[in-house]
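The values are calculated or read from the model by the stated rules, or taken from the named source; none is laboratory data. Here the structure is a predicted model, which means the values were calculated and not measured. So basically every Cβ, Gly included, is an ideal-geometry build from the backbone, and we count neighbours across all protein chains shown.
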Amino acid sequence: MLKKTVWKSLALAAVLSLSIGITAPASHAGSQTIQVYISADTNIQDLWVKTLVPAFKAANPGYDVNVTFDLHGDHDAQETAKITAAAVLHKDPGVDLIDGGFVTTLGAAGLLYRPTAGLLPNIKDVNRTVLAAGKGGIPYRGSSVLLAYNTTNVPTPPKTLDELLAWIKAHPGKFTYNAPSGGGSGYSFVQTVVDKYLSNADRATLVQQAAPDLESKWSQGLETLRQLNAYTYGQNGTYPANNAETLKDLATGLVDMGTVWSDQFSSALKAGTMPANIKVAQISNPSLTGGASYLGIPSSSTNRTAARILANWVLSPAAQNLIVSGTLNGFPVIPLNKLDPKATAAFTGVDIQNLRAGYLSANANDLKSKWASTVPGK
Amino acid sequence: MISLRSKNKEEGSRAVTRARPSFLGLALSLPPLLLVLIFVGLPIFIGFTFSLGFTKGPNRIISIIGQQIHVKNHWWGTFAAYSDVFHDSRFLGDLGLTLFVTVLSTVLVILMGLAISIYQRLIRSKQASVLVTLAIIPLFVPVVISAWAIHTFYGGDGFLRSFFAQFGISFPTLTSTASAIVIGSIWTSLPFAILMISSGMQGIPDALIDAAKDCGAPVARIIGHILIPLAKTPIIIAASFTAIGILGSFTIPLFLGPNQPTMLGVEISNFFGSYNRPQQSLVMAFIVFLAASGIAILYVWSNIKSAKESGRI
C-alpha cells in the first residue's frame, strides 16, 4: 500500500516538474496591456520607457504598456523565429508591437498587420516612399549615420567619400569604424565604401531584394576597406566591437574621426559624455546610410487593436515632438511644419527627408559576413 | 556475513541487509533524468539533425528564416554545412586561436594555482591565507565587468599606456589581441582553480610532509613526490573545468579579442545572429562540443580513478 502511494506521488512529481517547463504563458487576448518588444540600444529603451510610454498612458487612460527590451538585438533571430512560428501555428506571439531592425524582415515575409489610413489615421502625414519601404512596417522615427570629427584637430571635415578615404590615408591611426556585425554605424561605412563601386541600379536592387548574384561586385569595395587596415585606429586591422566603443574612442580623443549614429551622438552630447568639440557632418557621393525605424504589429497578435492605437499615437505631432526633442534627438517622420519649431531647430544642415537606405537584411547579413572574412586582420 | 550480522545484533543495531536493486531508487532519479533528456538531450539531437540538413518537423521554422540552408540529399542527410564551415577562410584561424588560448590559459592557470596552493600548504602563515583569499576575489566579479575593466586597463587610453607615457615609453596596446584574451581568461578562471587545488592540498596529512622533511628531502622533492601526486585528482578536475570554461567563453574574447580571427564562442554567435547562418553556427557548436567532450572524458576518468582509490566503487 505504502509502495503504491510512493509510486503515485513520484509520478505526480515527475509530471509536475515537466509541466513547469512546458506550460505556455496565459494568453492576453483583448487585454488593455500592450506588449511592446524593443530590439535596440539603450537610448531607444529610454525613449520608450521614460518618454513615450508615460505620455501615452497619460493621453490614453486605461491602457498599460509592458516593454520587453533586447539590447543590440541579440535575440532578433529567436524573436523572428518565435513570431514566424506563432503565425504558422495561428497562435498569439505574445508581442503586440515591435520596434527593431527585423520588423522589415517580418514585413517582407507577410507577417505584419498592414497599416492603412483607415486603421491608422495619422499615417497620412508619413512620406509614401518611406512607408512603402517598410513592407508593412510603420515608420515612426528616422536616424542617419554621420561622420563625427574632432574640431580641434580637423577644422574642415571631408565633404565626399573620396576626400574621407584620402584623409584616412593621410592621418594613420586617426579614423575608426566599428565591426559591421557589432553595430549599424560601422556597417553603414562598409556599405557606403562598397556602394562607391556599384551602379545606382545595383544599389537599388540590393536595398529591395535578396540579390546573391550582385555580391561579387562588392570585392572592389572590400579590397579598399582591407587596404585601410594599415590606416585605421590601431593600424593592425582591428576594429571597435560596437557603436558605443566608437563613441568612446572619439570622446577620449583616441581617434579624430569616426562614423556614428545621429541619435546616439546627440544623446551623448546632451548627457555630457561627448565633448562639445566633436561635431558631425554628412558626406556625399555616396552619403552614409540612414533611414526610418519601423514599428510592426504581428498579424497574429490578438491584441492588435490596442497596438494600433499606440502606433497611431506615436505618429501624432505630440509624440513626434517628444521623439525630436527628448534625449534621443530622432528625426521625425511627419512634416516639420507640424512640429514645435524649437525642437526642430537642430536639423538645419542635415537633409532628413532624403536618407540613403541600407541593404535588405539578407544582403546586409552577407555583407557583414564577407567583411569579416576579407577585411579584419588581413 | 552471518558473523557480522550477529555482531551488529550484539551491539544493539539493526541487521544490515544487502541493498537490493531498487525500482524506488530508479524512480527517484527519474524526474531529473527525464528533464535532462527532454530539455538538453532532445534539443542537441534536433540541432544535430538540422546540421545534417533535416529541415522538416522541429527545424521547419528556422529553415524558413535562415540563410544558406542546405537540405539533405541522402537518407542520412548531407555534409554540405560541414563542408561550408571547413572551407570558410575564417574557420581554421578561429579554431586555431580557440585551441591556442584554451591550452595556454589552462596551463598558466594551473601553474599559478599550483604555486599559490603549494605556498599556502608549505608556509601556513597568515600572509599565505590572505594571498589565497585575495586570489579568490575575482570569483565574485561578473565577467562582463572584469572584461571591461581589463579593457580600460590595457586599452589604447588605458592605465598602463598612460603610466608609461609619463616616462616617454610607448607601451603596446594589448586589447584586440590574443594576449588580452589570455589575460582575461586567466583572470576569470584562476579563483576556481585555486579553490580546487588548495582544498586538495589541505587534505594532505602533515605527517607525510614532516616525515619527508625528517628524512632530509628538499622542498622540490616534497612538492614533486608528495604534494602534486596526492592532489592529482583535484588538479585534473580544476584543469578540465578551466579548459571547458575557456573553450566556450564568449564575453572575454568579444570584448578583448581581435575581430578576426576570433574564438569560436564569438564566431558561433556571429554566424547565428549577424550573418543569419544557423546551420553553419550549429556545425561549429558541435565541433566545440566534441572538443569539450574530450576534456570531459578526462574529468570522468579522473573521478572514477579517485573513487576506486578511495574504495567507493
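Points worth noting:
- Residue within segment B:245-254 that is more than 27 Å from residue B:55 (Cα to Cα), outside any helix (DSSP H, G or I) and more than 10 Å from chain A (Cβ to nearest Cβ) present: yes
- Of B:189, B:198, all but one fail to be farther than 30 Å from residue A:377 by Cβ, surrounded by 18 or more Cβ atoms within 10 Å (Cβ to Cβ) and in contact (Cβ under 8 Å) with a residue 12 or more places away in the chain; the exception is B:198.
- Among residues of segment B:76-106, those that are polar (S, T, N, Q), touching a helix residue (DSSP H, G or I) at 6+ places or on another chain (Cβ under 6 Å) and more than 25 Å from residue B:295 (Cβ to Cβ), counted: 1
- The test for being assigned to a loop (DSSP other than H, G, I, E, B), surrounded by 10 or more Cβ atoms within 10 Å (Cβ to Cβ) and at pLDDT 50 or above holds for residue B:16.
- Tally, over segment A:32-90, of residues that are among the charged types (D, E, K, R) and over 25 Å from residue A:242 (Cα atoms): 3
- Test: residue in segment B:146-156 that is surrounded by fewer than 20 Cβ atoms within 10 Å (Cβ to Cβ), of a type in the set (Val, Ile, Thr), out of contact with any Asp or Glu (no Cβ under 6 Å at 6 or more places or on another chain) and at pLDDT below 90: yes
- Qualifying residue in segment A:172-184 (condition: in contact (Cβ under 8 Å) with a residue 40 or more places away in the chain, over 30 Å from residue B:64 (Cβ atoms) and not in a loop (DSSP other than H, G, I, E, B)): yes
- Counted as qualifying within segment A:219-296 are the helices (runs of 4 or more DSSP H) with 3 or more residues that are crowded, with 21+ Cβ neighbours inside 10 Å and modelled with pLDDT under 90, namely A:262-271.
- Checking each residue in segment A:135-159 for being crowded, with 23+ Cβ neighbours inside 10 Å and either among the aromatic types (Phe, Trp, Tyr) or free of Cβ contacts under 8 Å to residues at least 12 places away in the same chain (or both) picks out A:140, A:149.
- Any chance residue B:217 is more than 14 Å from residue B:110 (Cα to Cα) and out of contact with any Lys or Arg (no Cβ under 9 Å at 6 or more places or on another chain): yes
Here's the yes/no breakdown for (1) more than 29 Å from residue B:259 (Cα to Cα); (2) surrounded by fewer than 20 Cβ atoms within 10 Å (Cβ to Cβ):
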position: B:67; (1), (2): no, yes
position: B:74; (1), (2): yes, yes
position: B:92; (1), (2): no, yes
position: B:102; (1), (2): no, no
position: B:108; (1), (2): no, yes
position: B:119; (1), (2): yes, yes
position: B:133; (1), (2): yes, yes
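- Pick from segment B:266-302, criterion within 10 Å of another protein chain (Cβ to nearest Cβ) and within 15 Å of residue B:52 (Cβ to Cβ), ranking: surrounded by the most Cβ atoms within 10 Å (Cβ to Cβ): B:280
- Of all positions in segment A:140-153, none carries a residue that is of a type outside the set (A, V, I, L, M), farther than 24 Å from residue A:328 by Cβ and in contact with a Leu (Cβ under 6 Å, 6 or more places away or on another chain).
- Looking only at segment A:185-218, and only at residues there that are in a loop (DSSP other than H, G, I, E, B) and out of contact with any Gly (no Cβ under 7 Å at 6 or more places or on another chain), the one that is surrounded by the fewest Cβ atoms within 10 Å (Cβ to Cβ): A:199
- Positions within segment B:234-246 being of a type outside the set (Ser, Thr, Tyr) and surrounded by fewer than 24 Cβ atoms within 10 Å (Cβ to Cβ), in sequence order: B:234, B:235, B:236, B:237, B:239, B:241, B:244, B:245
- Single match in B:46, B:38 (criterion: surrounded by 12 or more Cβ atoms within 10 Å (Cβ to Cβ), at pLDDT 90 or above and within 11 Å of chain A (Cβ to nearest Cβ)): B:38
- Single residue of A:162, A:263, A:256, A:249 found to be in contact with a helix residue (DSSP H, G or I) (Cβ under 7 Å, 6 or more places away or on another chain) and in contact (Cβ under 8 Å) with a residue 12 or more places away in the chain: A:263
Residue-by-condition table, conditions (1) within 14 Å of chain A (Cβ to nearest Cβ); (2) over 28 Å from the mean Cα position of the chain (by Cα):
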site	(1), (2)
B:56	yes, yes
B:68	yes, yes
B:71	no, yes
B:91	yes, no
B:98	no, no
B:103	no, no
B:108	no, no
B:111	no, no
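- Of everything listed in (1) within 14 Å of the chain's Cα centre (by Cα); (2) farther than 17 Å from residue A:293 by Cα, the single unmet condition for residue A:65 is (1).
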